[in-house]
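Visitor: Below you'll find the structure I mean.
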Amino acid sequence: MDLTITLDRHSSLPLHQQVYEELRRAILTRRLLPGQKVPSTRALADTLQVSRATITQSYDRLLSEGYLETLVGSGTYVCVQLPDDLLHSTPVAVATNSQPLRVQLSDYGDRLGQTLFALQPSPMQPISFRYGQPALQHFPIALWRKLLSRYCLANSDWLDYGTDFQGYRPLRQAIANYLGRARAVRCHPDQLILTNGTQQALDLVMRLLINPGDRIGIEDPGYLSARRIFHSHGAGIVPIPVDEAGVIVEKLAHLDANSLRLVYVTPSHQFPTGSILSLSRRLELLAWAQQHPCLILEDDYDSEYRYQDRPIPALQGLDQNHSVIYIGTFSKVLFPSLRIGYLVVPPDLVSLFAQAKWLSDRQLPTLEQQVLTEFIEAGHLESHIRKMRSHYDQLRQTLVQALKQHFRERVMIFGEKAGIHVMVKLRTCWSDTEVIERAANVGVGLMSAQLHYFNPCDRGEFIFGYGDLDEAQIVEGIDCLAQVLGT
Ligand SMILES: Cc1ncc(COP(=O)(O)O)c(C=O)c1O
């Protein structure tokens with residue numbers, strides 16, 4: 001059989017990969033027909049002047065993927081029944097770190113390529129202290145389902161495109177009212193842009209306000225996902241240290257501050273240390289922003305769960321100069337897959353943000369926006385938050401007590417006044433990786449705080465999320481941990 005395969009011996013793509021791709025392409029383009037016999041591995045190796053192992057490797061992959069089949073004693077054939085989708089679709093090249101890409105990437109793609117990270121959930125252990133996990137088992141599903149079905153059946157308008165570029169107007173009104181009551185945010189509903197969570201809010205801010213090379217100040221340690229978005233847009237990142245009163249604003253004075261375009265902060269419960277930005281520092285930060293051509297990006301993460309003292313008003317509500325962009329989300333107070341968050345932007349930026357959102361992904365699903373509107377207006381949101389606050393408070397106290405009881409002077413706990421995680425510094429004779437491994441061996445999942453620092457190194461600091469655990473699990477988890485870490 002005459003089968004032309006061209007190999008590029010100077011390519012960094014391994015030969016077995018090239019043979020595999022050539023044969024697959026020949027099958028998909030019907031140069032090789034279903035049922036047609038292909039050369040033996042020995043014959044093809046001779047023709048191409050490569051080792052037989054190279055051809056065997058390519059054939060094995062084609063066999064396992066269903067492109068080829070072997071008939072015992074007869075040889076290897078193109079599968080008679082190729083799945084339809086293989087014949088009709090263009091093969092998708094899956095980029096892995098070991099395979100150089102054959103396409104020309106944009107600068108954005110290049111930057112992502114340089115910092116590719118595994119998009120996979122953190123491995124689960126029987127007791128995992130995962131951060132950012134709300135107690136989904138307490139979500140009022142029956143009520144949500146009732147509202148969904150009521151709005152679903154009321155009419156069919158929700159099936160169509162929405163007409164509001166900024167998000168469903170009644171929902172914006174409900175959120176603006178809620179933010180005014182709960183967070184002292186001062187905004188008109190027309191300043192709200194509804195987004196697919198905080199993540200999209202940050203992305204839109206980058207698109208509209210940041211050019212590659214622009215500098216952004218961010219807390220150190222700080223929220224890794226935010227840093228990744230900033231980096232993906234080519235921003236230069238300037239770390240600003242954090243202490244027990246939040247980001248150290250006076251450090252801004254020592255920077256070439258005029259070159260900063262944005263400062264990203266998490267004042268309600270600094271991520272990951274959990275410190276709460278004091279009122280004096282809030283005012284200091286706003287005063288600084290007023291004197292510089294720089295906006296404050298306030299991610300009001302975890303503001304709903306404050307356990308001691310009265311909540312401090314959001315920076316946005318204290319600001320007199322439209323120098324704050326405020327971001328909030330329903331991921332933690334309701335559920336993460338809802339994917340509804342919001343931006344409150346200064347009035348002169350509203351139409352730009354609305355367009356950017358519309359161009360990016362049109363809109364959020366209307367049905368969920370309608371349901372959430374009623375959920376807020378009927379008071380269910382605030383009553384759910386109240387209920388969960390006392391639930392999380394109980395879990396938090398159990399965790400703190402268990403840690404102190406077992407680790408005594410070898411533990412320091414940060415950020416326990418708010419949120420659904422604490423940061424814990426453990427003094428042990430193990431490295432951070434060893435602590436995590438030892439914990440995993442007894443079925444306890446731990447996450448290091450390392451990655452959230454600009455200079456990741458062993459500090460013995462771990463983020464203990466407790467939101468989706470119960471008290472018994474917390475006690476058992478800390479007990480197991482104490483045993484393997486030899487307290
Ligand atoms: C600091 C911070 N902000 C926001 C979020 C929520 O992100 P999203 O609204 O995209 O779910 C998280 C999630 O863990 C977070 O840690």
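Visitor: Assess whether residue 55 counts as being within 23 Å of residue 82 (Cβ to Cβ) and part of a loop (DSSP other than H, G, I, E, B).
Guide: no
Visitor: If you take the residues in region 213-232 that are away from the ligand (no atom under 11 Å from the Cβ) and out of contact with any strand residue (DSSP E or B) (no Cβ under 9 Å at 6 or more places or on another chain), which one is nearest to residue 447 (Cα to Cα)?
Guide: So the residue we want is 228.
Visitor: Can you tell me which residues in region 451-473 are surrounded by fewer than 19 Cβ atoms within 10 Å (Cβ to Cβ), in contact with a Pro (Cβ under 7 Å, 6 or more places away or on another chain) and closer than 16 Å to residue 274 by Cβ?
Guide: Listed by number, the list holds a single entry, 453.
Visitor: Among the residues of region 161-168, is any out of contact with any Pro (no Cβ under 7 Å at 6 or more places or on another chain) and within 14 Å of the ligand (Cβ to nearest atom)?
Guide: no
Visitor: Read through the list (1) of a type outside the set (A, V, I, L, M, F, W, C); (2) assigned to a helix (DSSP H, G or I); (3) in contact with a Leu (Cβ under 8 Å, 6 or more places away or on another chain), then give the number of the only condition that residue 476 fails.
Guide: All conditions are met except number (3).
Visitor: Which of the residues spanning region 117-132 are modelled with pLDDT of 85 or more and within 16 Å of the ligand (Cβ to nearest atom)?
Guide: 128, 129, 130, 131, 132
Visitor: Counting only residues that are within 16 Å of the ligand (Cβ to nearest atom), open to solvent by 20 Å² or more (accessible area, probe 1.4 Å) and part of a loop (DSSP other than H, G, I, E, B), how many does region 300-322 have?
Guide: Summing the residues that are within 16 Å of the ligand (Cβ to nearest atom), open to solvent by 20 Å² or more (accessible area, probe 1.4 Å) and part of a loop (DSSP other than H, G, I, E, B) in region 300-322 gives 2.
Visitor: Which ones in region 315-370 are among the small types (Gly, Ala, Ser) and either without any contact (Cβ under 8 Å) to a residue 40 or more places away in the chain or out of contact with any Leu (no Cβ under 8 Å at 6 or more places or on another chain) (or both)?
Guide: Answer for region 315-370, where residues must be among the small types (Gly, Ala, Ser) and either without any contact (Cβ under 8 Å) to a residue 40 or more places away in the chain or out of contact with any Leu (no Cβ under 8 Å at 6 or more places or on another chain) (or both): 317, 323, 337, 351, 354.
Visitor: Right, next: Quickly run through region 326-339 and pick out the residues that are touching a helix residue (DSSP H, G or I) at 6+ places or on another chain (Cβ under 6 Å) and either among the aliphatic types (A, V, I, L, M) or more than 16 Å from the ligand (Cβ to nearest atom) (or both).
Guide: Matches in region 326-339: 327, 333.
Visitor: Looking at the structure I just gave you, is residue 389 open to solvent by 50 Å² or more (accessible area, probe 1.4 Å), in contact (Cβ under 8 Å) with a residue 60 or more places away in the chain and either in the same structural domain as residue 149 (by TED's automatic domain parsing) or basic (Lys, Arg) (or both)?
Guide: Yes, satisfied.
Visitor: Out of 435, 400, I need the residue that is crowded, with 17+ Cβ neighbours inside 10 Å and farther than 23 Å from residue 332 by Cβ. Which one?
Guide: When all the criteria are applied, what remains is 435.
Visitor: Now, a different point. Restricting the first residue to region 187-206 and requiring it to be at positive phi, which pairs with a second residue that is hydroxyl-bearing (Ser, Thr, Tyr) and within 13 Å of the ligand (Cβ to nearest atom) meet a Cβ separation below 9 Å and a spacing of at least six or different chains?
Guide: 197/329; 197/331
Visitor: Across region 1-38, what is the number of residues that are in contact with a strand residue (DSSP E or B) (Cβ under 8 Å, 6 or more places away or on another chain) and either in a loop (DSSP other than H, G, I, E, B) or open to solvent by less than 70 Å² (accessible area, probe 1.4 Å) (or both)?
Guide: Within region 1-38, residues that are in contact with a strand residue (DSSP E or B) (Cβ under 8 Å, 6 or more places away or on another chain) and either in a loop (DSSP other than H, G, I, E, B) or open to solvent by less than 70 Å² (accessible area, probe 1.4 Å) (or both) number 10.
Visitor: To continue, here is another question. Residues being within 14 Å of the chain's Cα centre (by Cα) and in a strand (DSSP E or B): count how many of those fall in region 323-342.
Guide: 2
Visitor: Here's something else I'd like to know. Go through region 160-175 and report how many residues are open to solvent by 10 Å² or more (accessible area, probe 1.4 Å) and among the hydrophobic types (A, V, I, L, M, F, W, C).
Guide: 1
Visitor: Regarding residue 398, is this residue outside the structural domain of residue 237 (by TED's automatic domain parsing), at pLDDT 95 or above, over 21 Å from the mean Cα position of the chain (by Cα) and not charged (D, E, K, R)?
Guide: Considered against the rule, which asks whether it is outside the structural domain of residue 237 (by TED's automatic domain parsing), at pLDDT 95 or above, over 21 Å from the mean Cα position of the chain (by Cα) and not charged (D, E, K, R), residue 398 comes out as yes.
Visitor: I would also like to ask the following. Do we have any residue at all in region 46-55 that's touching a Ser or Thr at 6+ places or on another chain (Cβ under 7 Å) and at pLDDT 90 or above?
Guide: Within region 46-55, one or more residues are touching a Ser or Thr at 6+ places or on another chain (Cβ under 7 Å) and at pLDDT 90 or above.
Visitor: Now for a different question. Quick check: is even one residue across region 250-271 modelled with pLDDT under 95, surrounded by fewer than 23 Cβ atoms within 10 Å (Cβ to Cβ) and within 16 Å of the ligand (Cβ to nearest atom)?
Guide: No, every residue in region 250-271 fails to be modelled with pLDDT under 95, surrounded by fewer than 23 Cβ atoms within 10 Å (Cβ to Cβ) and within 16 Å of the ligand (Cβ to nearest atom).
The values are calculated or read from the model by the stated rules, or taken from the named source; none is laboratory data. Predicted model, so just to flag it, every value in this text is computed and none were measured. All Cβ positions, glycine included, derive from the backbone under ideal geometry; neighbour counts span all protein chains shown. Areas reflect the complete protein model, heavy atoms only, side chains present, ligands, DNA and RNA absent. Shrake-Rupley method; radii C 1.70, N 1.55, O 1.52, S 1.80 Å.
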